[in-house]
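Asks: Sharing a structure with you now.
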Amino acid sequence: MNSPIITVIGSINTDMVTVTESLPNQGETVIGDQFKMKPGGKGANQAVAAARLGANVQMIGKVGQDQNGADMLKALKKENVSIRMVETAPKINTGIANIILSNNDNRIIIVPGANDKVTPEYVSQFKEDIRNSDLVLIQFEIPVDTIIYCLDLCNEYNIPIIVNPAPAKKIASDYWSKATYITPNESEYTQLFDFKDRSSGFNDKLIVTKGAHGVSYSMNDEYMTLPAYSVNAVDTTGAGDTFNGALAVALSEKKPISTSIKFANAASALSIQKFGAQDGMPTRTEVESFLR
Ligand code: ATP
């Protein structure tokens with residue numbers, strides 16, 4: 001069987017991670033413990049998760065004309081993600097996530113840079129690539145206009161589209177109905193949806209991830225919760241990205257929804273047993289032997 005083609009339209013960031021025992025107060029300087037730079041961005045993370053699980057993944061996005069941009073492209077290539085549709089935009093920085101980890105707290109500042117240039121006009125150059133995809137995966141770290149454009153395009157071409165509304169941003173409710181699946185975590189779900197509102201047309205496509213409490217979903221009027229696997233969580237950063245990448249792979253292979261969620265649940269349970277968002281993402285063989 002040929003691997004399905006998954007197109008990820010989304011962000012590419014460099015994660016700048018500072019680990020510190022104490023957080024500075026206003027006007028204060030503290031000495032931190034560790035600093036690491038890692039490939040990140042929800043788009044890139046989900047693309048890597050899907051590629052490790054054996055899909056044919058192509059990314060549509062932008063980096064800036066700087067060292068981080070060159071490094072992020074290299075990292076994607078190494079993971080077998082096609083970067084043919086990733087442009088290096090002039091005179092702008094590559095997206096940055098400043099992440100401060102302190103004990104169990106994390107604080108993040110994102111400077112989108114080139115991700116803000118992933119406009120509908122830019123994406124429209126790749127209409128044929130989108131039309132030839134088995135599935136499209138999108139997140140909310142690119143402009144809202146682009147998300148809406150992609151929803152319209154996938155509907156026109158009848159291509160399944162998973163929308164991971166992270167970070168949460170409101171879009172007109174008509175647009176939610178154009179998504180094939182919507183995958184908020186619990187806090188995004190609370191901000192964006194009301195499960196009691198059965199008339200809103202998105203209840204049959206919601207897949208809500210709930211960390212250690214697993215996944216709740218409602219399909220064909222049935223509401224179910226699949227428990228999380230009980231594992232020793234070392235670092236849950238990127239659990240949601242692994243979940244979305246894995247879900248995209250299983251659904252693009254036309255697996256039933258419950259089997260697909262189980263597969264994604266297992267992939268994310270494996271990913272949190274190692275440090276780092278992308279570093280912990282499992283291979284296909286690892287997920288299959290975990291499920292055996
Ligand atoms: P992040 O922002 O850290 O990437 P998220 O908030 O988007 O994560 P979560 O709902 O926390 O996403 O986690 C996604 C999935 O990962 C869960 O539905 C579950 O399958 C798995 N998972 C997360 N935390 C745990 C845990 N402690 N034990 C087992 N599985 C977990």
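The values are calculated or read from the model by the stated rules, or taken from the named source; none is laboratory data. If you're wondering where the values come from, they're calculated on a predicted model, not measured in any experiment. Backbone-built Cβ (ideal geometry, glycine too); neighbour counts: all protein chains shown. In case anyone asks, the SASA skips ligands and DNA or RNA and just uses the protein heavy atoms, side chains included. Shrake-Rupley method; radii C 1.70, N 1.55, O 1.52, S 1.80 Å.
Asks: Looking at Ala179, Ala166, which one is part of a loop (DSSP other than H, G, I, E, B), away from the ligand (no atom under 16 Å from the Cβ) and under 20 Å from Ala264 (Cα atoms)? Working first, answer last.
Replies: Numbers: Ala166 fails: away from the ligand (no atom under 16 Å from the Cβ).
Within the list Ala179, Ala166, the selection yields Ala179.
Asks: Now, a different point. Under 6 Å between Cβ atoms, at least 6 apart or on separate chains: pull out the pairs that start in segment 224-241 with a residue that is on the phi < 0 side of the Ramachandran plot and end on any residue that is within 6 Å of the ligand (Cβ to nearest atom) and among the hydrophobic types (A, V, I, L, M, F, W, C).
Replies: Pairs found: Leu226/Val215; Ala228/Ala212; Tyr229/Ala269; Val231/Ala269; Ala233/Ile272; Thr236/Ile272; Ala239/Ile272.
Asks: Next question, about the same structure. Looking at (1) loosely packed, with under 14 Cβ neighbours inside 10 Å; (2) without any contact (Cβ under 8 Å) to a residue 24 or more places away in the chain; (3) over 27 Å from Asp129 (Cα atoms), which one does Glu186 not meet, given that it meets all the others?
Replies: (2)
Asks: Is it the case, given these coordinates, that Lys91 is open to solvent by 40 Å² or more (accessible area, probe 1.4 Å) and farther than 27 Å from Leu153 by Cβ?
Replies: Numbers: open to solvent by 40 Å² or more (accessible area, probe 1.4 Å): yes; farther than 27 Å from Leu153 by Cβ: yes.
Judged against the criteria, Lys91 is a match.
Asks: Looking only at helices (runs of 4 or more DSSP H) that fall completely inside segment 66-140, which ones have 2 or more residues that are of a type in the set (D, E, K, R)?
Replies: 67-78, 127-131
Asks: List the residue pairs whose Cβ atoms are under 6 Å apart, where the first residue sits in segment 97-118 and is on the phi > 0 side of the Ramachandran plot, the second is polar (S, T, N, Q) and surrounded by fewer than 20 Cβ atoms within 10 Å (Cβ to Cβ), and the two are 6 or more positions apart or on different chains.
Replies: Hits for this filter: Gly113/Asn93.
Asks: When residues of segment 197-255 are filtered for being more than 8 Å from the ligand (Cβ to nearest atom), part of a loop (DSSP other than H, G, I, E, B) and either open to solvent by less than 20 Å² (accessible area, probe 1.4 Å) or modelled with pLDDT of 85 or more (or both), how many remain?
Replies: Summing the residues that are more than 8 Å from the ligand (Cβ to nearest atom), part of a loop (DSSP other than H, G, I, E, B) and either open to solvent by less than 20 Å² (accessible area, probe 1.4 Å) or modelled with pLDDT of 85 or more (or both) in segment 197-255 gives 9.
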